[in-house]
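> The following block contains the structure, expressed as structure tokens.
Since every read-out is calculated from the coordinates, none of them should be taken as a lab result. Bear in mind that the values here come from a model prediction, so they are computed numbers and not experimental data. As a convention, Cβ positions derive from the backbone with ideal geometry for all residues, glycine included, and neighbour counts pool all protein chains shown.
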Amino acid sequence: MSDKLIRVMLVDDHEIVRHGYKRLLESHGGVEIVAEAADAAESYVQYKATSPDVVIMDVTMPGRGGIDAAQQLRRMDPNARIIFYSMHATATYAIQAIRAGAKGYVTKSSDPALLVEAVKKVMQDKPSFCPEIAESLAASRVEQETNPIEFLSPREFEILRMLLEAKSTQEIAAAFRLSTKTVANYHYAIKSKLGVSSDIDLVYFCMRHGLVPPLGTAP
């Protein structure tokens, strides 16, 4: 690979977290942070303005989350290289990230050097997953039972995430610029795909599949 700096955009709703990523990446050399964004909408604007080589994005952000944002960036630019850097270490999130077009997934509990390594590998169009996620993905494939959440589209998955955060239909509609009727239709379709009939059943279903921590546990 050439000595040209890898141009990176950081997408995370916490400024202090972005600052930490920037220091980490630039301290290893070969990386230049050319843009930062605090949410999905800002990421589209910054991507168009700077055309970064690699995007590092959090999964959970206010409003439209990283899964939907990644899908939209890939629609804008099919060659966009996206790495998720997330607290979520389950195969469920990783599979949705991959379906949205991500080329890498590193958990925030991983050795920070793995994020640097992921940037360099993804820049070469090679997939990069931290050991924790690689093991989780492998285990999910060994199990014979298919997780119905895998059949949700990235948009449905993001709406499900917001429902689990107790966001109202109006809040979800505003975030995605949809009508409340369309959001209600998504809500119904999600429950149908997951085979649940009520919102209480939906929450317990998501607990069993690692999207929601069990009651009484710390987030």
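> How much of the calculated P(r) for region 148-208 lies past 17 Å, in percent of all Cα pairs?
Taking all Cα-Cα pairs of region 148-208, the fraction more than 17 Å apart is 30 percent.
> Could you list, bin by bin from short to long, the percent of Cα-Cα pairs of region 74-119 in 5 Å steps?
With a bin width of 5 Å, the distribution comes to 6, 23, 29, 22, 14, 6, 0.
> Let me ask something additional. Using the alpha-carbon atoms, what tilt in degrees (0 to 90, nearest 10) does helix 199-208 show relative to the longest principal axis of the chain?
Once rounded, one gets 50 degrees.
> Further, regarding this structure: Suppose a student asked you for the relative contact order of the chain, using Cα pairs under 8 Å spaced at least 6 residues apart; what percent would you report?
It comes to 15 percent, rounded to a whole number.
> Ratio of Rg to Rh for the chain, alpha carbon only, Kirkwood?
Taking Rg over the Kirkwood Rh, I get 0.97.
> Considering only the other residues whose Cβ falls under 13 Å of the Cβ of residue 154, what net charge follows from Lys and Arg at +1 and Asp and Glu at -1?
Neighbour charge sum, excluding residue 154 itself: +2.
> In whole angstrom, note down how far apart the Cα centers of region 98-143 and region 1-54 are.
Using only Cα atoms, the two centres lie 18 Å from each other.
> Picking from 201, 58, 13, which is most flexible by a Gaussian network model of the chain using Cα springs under 10 Å?
Of 201, 58, 13, the Gaussian network model singles out 201 as fluctuating most.
> In degrees from 0 to 90, rounded to the nearest 10, what is the angle of the helix 66-76 Cα long axis to the longest principal axis of the chain?
60
> Separate question: How much length, in nm to one decimal, is gained on full extension between residue 76 and residue 174, taken as 0.36 nm per residue of separation minus their Cα-Cα distance?
Gain in length upon complete extension: 33.1 nm.
> Relative contact order of region 148-208, please, whole-number percent, based on alpha carbon pairs below 8 angstrom and at least 6 residues apart.
Relative contact order of region 148-208: 34 percent.
> Taking only C-alpha pairs under 8 Å that are 6+ residues apart, what is the relative contact order of region 36-142 in percent?
23
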